[in-house]
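Enquirer: Can you keep this structure in mind? I'll have questions shortly.
Read-outs: derived from the displayed coordinates by stated rules, not from any lab. Because the structure is a prediction, the values reported are computed rather than measured. With ideal geometry, Cβ positions are generated from the backbone for all residues, glycine too; neighbour counts draw on all protein chains shown.
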Amino acid sequence: MLSLRDVSLALQGKALIKAFSLDIAAGEIVTVMGPSGSGKSSLLSFIGGDLDEAFTAQGEILLHGERLNDVPPERRGIARLFQDDLLFPHMTVGENLLFAVPRMPQDERVAAMMAALETAELKGFENRPPHTLSGGQRSRVALMRALLARPRAILLDEPFSKLDRELRVSIRGFTHDHIVKRQIPALLVTHDLGDAPLGGRILKLTAAGEVIDV
Amino acid sequence: MLRQLAALPLFLIFLLPLALSLALILPTIAEAAAFKALLNHPQLWGAAGLTLFTGLISTVLSLICALMIIAGRIDKPPQAGAMLALPHLSLAIGLSLLIMPAGLLARIIALPFGWTSPPMWATTQDRYGLALTAALVLKETPFLVWAFASLLNRDDLRQAFRGQSAVARSLGRGPASVFLRIIAPQLLNRTVWPLVAVLAYSLTVVDMAIVIGPTQPPTLAQIIWTDLNDAEPAIEARGAAGVLVLSTVILLLLWVVGLSVRLGRPYSRKWLSGPPDTGHRKISFLTQTWGLWGLFYSAIVILLLFQSASGLWPFPDLLPESLTFSAWEKLLSDGRPLLTSFLLALGTAMTALAASVVWFEGMRPSGDKIMLWLAAFLLCLPSLLIGLGQYRLFLALGITGTALAMFLAHVLPVVAYVFIMLQGPYRGFDQRWQTTAAGLGQRRVAFLRQIKWPMLKAPILAAFAVGFAVSIAQYVPAQLAAAGRYSTLPIEAVTLSSGGNRALVAAYGAALMALPLIVFLLAQWLSRPRWRAR
Amino acid sequence: MLNRRHFLALTAAGLSLRPAFAADWAAIEAEAKGQTVYFNAWAGSEQVNGYIAWAGEEAKKRFGITVEHVKITDTAEVVKRVRDEVVAGKADGSVDLVWINGENFRTMKTEKLLFGPFSESLPNYQFVDVEGKATVTQDFSESVDSLEAPWGMAQLTFFADGAKVAEPPLSMAALTRFAEANPGRVTYPAPPEFHGTTFIKQMLLEAVINPSMFYKPGDGAIFSTVRAVWESMLDGLHKNCWREGKQFPKSQADVTQMVADGELLIGFTFNPNEPANLVAAGRLPPTTIAWQHKKGTIGNTHFVAIPMNAKAKAAAQVFANFLLSPEAQARKNDIKLWGDPTVLALSKLSPEEQQAFAATAAPGSVTLPGPTLLEPHASWVPLVEQAWLERYGKG
């Protein structure tokens, strides 16, 4: 379970998000919506651990009971997905995926990578450079990469906004399914209501900085 | 057809002169007797070994230092411009003033020990060329840092790296891992040719080797230099044979390095995507050395300035017996060399820049390879050889001792450096910007002037500044082409310094730095990002 | 009023079999007016540069000639430039007058790159000390043949800080003993640098009782008869040299600087008055002393020559003649200005002119002079250089 306790965010003294608390259960995807500039991405940065210095944040982040505030980003076990797939351009698709696989015997790592490719319906793509893949394919690889790291939570920052409409639908479904399957708490930030999973909790971040349950 | 025209400027100022010069000089190179004489040279093997050692080690060390510095300053890339302005010769002189047995360090250490004579250290001119290697590393590291920083200052790359770093960290990689596996490889991919230029320079450097390198044996480049300068045709021919040998060695070396990289690629790729380290290593505090580098360079400049104004300064005095400005008076008494140098540097750097940009805009990227190879090839040739070839060309055309000859002599290496420095960043420019602009109805020229060039201002200004500095420091080809009719700052410096007046040498060392320094600082200031990165 | 000089001139004109220069000379001077002479001369010394500047101004005032001092580092550059221009068929060469001697002269003479004969026809040549200074007509044992005009004298001279060196060593053997007593404080620049080569030539001359063999052409066979002795002398010196003789400084200028620093105790030069110059310039301490070896040190004459494709041959000759004039030679000899010894015979000058050459002692002038030894034949140079490189060139 991912918990936020009295979290608030301010930019150069001006309050962006007023203090709120949130619990996200395993396998639950909570969607946060709000106008651009409202601080949604910064909230994710705060949770992920790389909040820009210009911001000040307060409150506690707890993951499975562990307090994460002073833990560096790489130790938090929280995966991030962005608008851009951000696949490493100097590595092949396979290497991008391998990069995320934790420490274990090499043949097991490769097996995990191959399995991930198959799940993404990209079998045989391991030696392809990222730029030869289509947008949808890249999104799938990005998600698989994030999941291969066996994260304890996952943060999604408008991950579908660059995809076209039809693709969006399939990738959304793909993403939701896999997150639920892994039973990881997830926080999704978007300005498109359609991105939210059916039946999932939706929070709205108002211009006044309040978080409202919708 | 229009595409081909884009190659015309570079063709005229670089390719054609280079080809003609080589054609005129190559017949002299291939004399069998000269090769035999070279093989009989008693110092040949020692010199070759020394050259390879100092060249390779200094390049590798420079690369490691540059990467370490960048790793420590990823968010705020360091500005190396001022350091690049210090001519290599001046750096070597300053370093030797610092570490030689009668140098400043020795004098400071002598204080508690009460020495009255300089110690018998072999700090300069040491057998293995360590002092020379140190001088090379000191000079080349800021150059590489500058190359890396120009890339990091590009908005698009910076954003991409930020995002990728965040992703990588979210996948459980510590900062050191992120730098080594994600950022560094992408930086290196884009700076191959500057690295080649560094290697070529270390293997062919003469003036630094003369000042601070060993004599028995000297480096191969030095032997070639001495031979090529000899009036005796047989010895001159031996020197030319030496050039061929050295150039072949360099090409072979590059091929070997390229091969090793290729062979090692599977292993390096495996490592790149390998399992996370257990330690989540932070980037060591040892990378925070940039301040020290700046301090060191400042110390060298101050030492040079100080030396330029000092009279008799026997060991172990910490201060000279008298201060005198006679060296500066001499230097400033004739303003013509300074003006000539400045105008040439300005003209050649701008021309090289314009010609390169025209090439990049008109020619396909696949054509770059030829230019890059030729530029690197030029840098691998001892300047004396190419200078001689050019000189023969000018002689045949009857233009020795003219302004045109001076321009052509200076522009050749300037083009090489400018092209090499600009190719990576310019070609790497995201094409989508152009499509975006076209989609907005913007015409090509407007796009260039308002979007592309401003976005590329950092690499463009960097290339200009480097070209300017290279031109100012040009000696051999200029001296030959001038045929006694023109004098530039380096020509004056070398001649007047052959009398061994250390104050005069230091004064010229400092003067040679002044103009490039101003240009670099200007370039740096003009290329700062418009907003602090978010 | 007839004075001695006029008398000599008339006699010379009457006795000489060469064409009477009086009439020709006026024509040359007339042609020279308005010409520019590009005088290619080594510029590593402020004193030299200052002198050439003065000479240029005088030439302008008196003869209407403009003199451009083309500053060069190594005369070999000029040789090559002239050679290249002649081969390329360039008639108006970039060099009108060049400061030259020794190997470079020999090269230019052999390759027929020089204009002349001309020097012995110069009006002021009559004052040259051909009898007393053999090197004026034999340059490195190569006959001058009037192809270059003598300018000044040079002799290998040693110097040191008198406060540190009480008894200067007056021979190579003494120098070796000195090195033993002061290890690491003596050295010489590495051949083939000019001064380094001279040093080892000096060692060669002192290696045998009768050095006359070196004035004839040498080859490998002849050399091998003295090689062992010469090398053992060098070995003996090297083991107590700076860096144990494994490394050598690059140039004589470096050695001079190291003496000024105190890193070396003994330095040397080819201009006997250079130490005094350096003291006056504040680059050596006032306690500097200078000396030559008791049995003599190598000396020679330096010259000015005109390339065969020079553009301003007339002006070059007029300027060369001016450089030979008693007035110009006296000024050059002045230890406060340059201190380069004259090529003229003082006995051939009038009493007033002789006064101008009165030797002034200055701190750093030679106190222990020695005779001038002739340079060995030029063919010995590659022999000793190669031998030295083979034995000592690998550190």
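Enquirer: Measure off 7 Å from each Cα along the Cα-to-Cβ vector at B:ALA403 and B:ILE109, then give the distance between these two points in nanometres to one decimal.
Expert: The modelled label-to-label distance comes out at 5.3 nm.
Enquirer: About the Cα centre of chain A, what is the dipole size in debye to 20, counting +1 per Lys and Arg Cβ and -1 per Asp and Glu Cβ, all else neutral?
Expert: 180 debye
Enquirer: Roughly what % of DSSP beta bridges within the protein assembly as shown run antiparallel, to the nearest 5?
Expert: Percentage antiparallel, nearest 5: 60.
Enquirer: Could you point to the residue in B:ALA168, B:ALA200, B:THR219 farthest towards the positive end of segment B:145-294's charge dipole, with +1 and -1 charges on the Cβ of Lys/Arg and Asp/Glu respectively?
Expert: Farthest towards the positive end: B:ALA168.
Enquirer: Just counting partner chain Cβ atoms within 10 Å, what average do the residues of peptide B:395-405 show around their Cβ?
Expert: Average neighbour count from other chains, rounded to a whole number: 2.
Enquirer: Then there is this: At B:ASP156 and C:LYS216, where each label point lies 7 Å from the Cα along Cα→Cβ, what is the point-to-point distance in nanometres?
Expert: 8.2 nm
Enquirer: Hey, another quick one. Dividing the convex hull volume of the alpha carbon atoms of segment C:161-217 by its residue count, what do you get in Å³ per residue?
Expert: Here the figure is 102 Å³ per residue.
Enquirer: Over chain B, what is the mean sequence separation of C-alpha contacts under 8 Å (at least six apart), divided by residue count, expressed as relative contact order in percent?
Expert: Over chain B, the number comes to 26 percent.
Enquirer: May I ask you to give the average projected area over all directions of the convex hull of the Cα atoms of segment C:183-291, in nm² rounded to one decimal?
Expert: So the mean shadow area of the Cα hull is 7.6 nm².
Enquirer: If you take each beta carbon of peptide A:83-90 and count the beta carbons of other chains within 10 angstrom, what is the mean?
Expert: 6
Enquirer: Still on this structure: Based on other C-beta atoms within 10 Å, arrange C:MET233, A:MET144 from fewest to most.
Expert: Lowest to highest Cβ neighbour count: C:MET233, A:MET144.
Enquirer: How many angstrom lie between the Cα centre of segment B:387-408 and the Cα centre of segment B:73-93?
Expert: 33 Å
Enquirer: Still on this structure, I have one more. Can you give the alpha-carbon Rg of chain A over 2.2 N^0.38 Å, where N counts its residues?
Expert: That works out to 1.02 for chain A.
Enquirer: So if I place +1 on the C-beta of Lys and Arg and -1 on the C-beta of Asp and Glu, and nothing else carries charge, what would the dipole magnitude of the protein assembly as shown be about its Cα centre? I want it in debye, nearest 20.
Expert: For the protein assembly as shown, the charge dipole is close to 3660 debye.
Enquirer: Counting other beta carbons within 10 Å of each Cβ, put A:ILE24, B:ILE518 in order, fewest first.
Expert: B:ILE518, A:ILE24
Enquirer: Further question: Rounded if a/c is under 1.5, else prolate if a/b is larger than b/c, else oblate: which is segment B:363-408, with a ≥ b ≥ c the root eigenvalues of its Cα gyration tensor?
Expert: prolate
Enquirer: Using +1 at the C-beta of Lys and Arg and -1 at the C-beta of Asp and Glu, which of A:GLY39, B:LEU86, B:MET421 has the Cα lying farthest in the positive direction of the dipole of the protein assembly as shown?
Expert: Highest projection toward the positive end goes to A:GLY39.
Enquirer: Calculated FRET efficiency, C:PHE194 and B:VAL261, Cβ-Cβ r, R0 35 Å, to nearest 0.05?
Expert: With R0 = 35 Å, the Cβ-Cβ based efficiency is 0.15.
Enquirer: Additional query: Order of C:PHE303, B:PHE325 from fewest to most other C-beta atoms within 10 Å?
Expert: If I rank by nearby Cβ atoms, fewest first, I get B:PHE325, C:PHE303.
Enquirer: Another question, then. How high is the relative contact order of segment C:281-388, given as a whole-number percent (alpha carbon pairs under 8 Å, six or more residues apart)?
Expert: That works out to 46 percent.
Enquirer: May I pose another question? Could you bin all the Cα-Cα distances of chain B into 10 Å bins starting at 0 and give me the percent of pairs in each, rounded to whole numbers?
Expert: Taking all Cα pairs of chain B, the binned fractions are 4, 17, 28, 27, 17, 7, 1, 0 percent.
Enquirer: Any chance you could get the radius of gyration and Dmax over the Cα atoms of chain C, in Å?
Expert: According to the Cα coordinates of chain C, Rg and Dmax are 21.6, 68 Å.
Enquirer: Where the convex hull is taken over the Cα atoms of the protein assembly as shown, what is its projected area averaged over directions, in nm²?
Expert: Approximately 52.4 nm², given one-decimal rounding.
Enquirer: What share of the DSSP beta bridges in chain A is antiparallel, in percent to the nearest 5?
Expert: 55 percent
Enquirer: Report the Cα centroid-to-centroid distance between segment C:313-339 and segment A:73-117 in angstrom, as an integer.
Expert: The two parts, judged by their Cα centres, are 84 Å apart.
Enquirer: Still on this structure: Which of the three applies to segment B:1-129, rounded, prolate or oblate, going by the alpha-carbon gyration tensor with a ≥ b ≥ c and a/c under 1.5 meaning rounded?
Expert: Oblate, because a/c is 1.5 or more while a/b does not exceed b/c.
Enquirer: Once both labels are modelled 7 Å past Cα along the beta-carbon direction, what's the B:ALA32-B:PHE325 spacing in nm?
Expert: With each label placed 7 Å out from Cα toward Cβ, I get 6.4 nm.
Enquirer: Further question on the same structure: Seen from all sides and averaged, what is the projected area of the convex hull of the Cα atoms in segment B:300-444, in nm²?
Expert: 14.7 nm²
Enquirer: What number, in percent, do you get for the relative contact order of chain C if the mean sequence gap of Cα pairs under 8 Å and at least 6 apart is divided by its residue count?
Expert: Once divided by the residue count of chain C, the mean separation gives 27 percent.
Enquirer: Kindly work out what percent of the DSSP beta bridges joining two residues of chain C are antiparallel, to the nearest 5.
Expert: Antiparallel bridges make up about 65 percent of those DSSP assigns within chain C.
Enquirer: If you don't mind, there's one more thing I want to ask. Size of the dipole of chain B about the Cα centre, Lys and Arg at +1 and Asp and Glu at -1 on the beta carbon, nothing else charged, in debye to 20?
Expert: For this selection, approximately 2660 debye.
Enquirer: Once every DSSP H run of n ≥ 4 in the protein assembly as shown is given -39500 (n - 2.57) and the sum is divided by its residues, what mean residue ellipticity at 222 nm do you get, rounded to the nearest 500 deg cm²/dmol?
Expert: My calculation for the protein assembly as shown gives -16500 deg cm²/dmol from helical runs alone.
Enquirer: Residue separation times 0.36 nm, minus the C-alpha to C-alpha distance between B:ALA396 and B:LEU188: what's the value?
Expert: Gain in length upon complete extension: 70.6 nm.
Enquirer: If R0 is 30 Å, what FRET efficiency do you get for B:GLN431 and B:LEU526 from their C-beta distance, rounded to 0.05?
Expert: 0.75
Enquirer: Could I ask something else about it? Just how far, in whole angstrom, is segment B:107-178 from segment C:187-262 if you go by their alpha carbon centroids?
Expert: Rounded to whole Å, the Cα centres lie 42 Å apart.
Enquirer: Just name one of C:VAL82, C:LEU205, B:VAL178: the one whose Cα is farthest towards the positive end of the charge dipole of the protein assembly as shown (beta-carbon charges, Lys/Arg +1, Asp/Glu -1).
Expert: B:VAL178
Enquirer: Where a ≥ b ≥ c are the square roots of the eigenvalues of the C-alpha gyration tensor, would you call segment B:105-258 rounded, which needs a/c under 1.5, or, failing that, prolate if a/b is larger than b/c, or oblate?
Expert: Oblate is the answer for segment B:105-258, as a/c is 1.5 or above yet b/c matches or exceeds a/b.
Enquirer: Let me ask another. How much length is gained if the chain between A:THR56 and A:GLU210 is pulled fully straight, taking 0.36 nm per residue apart and subtracting their Cα-Cα distance, in nm to one decimal?
Expert: That works out to 53.8 nm of additional length.
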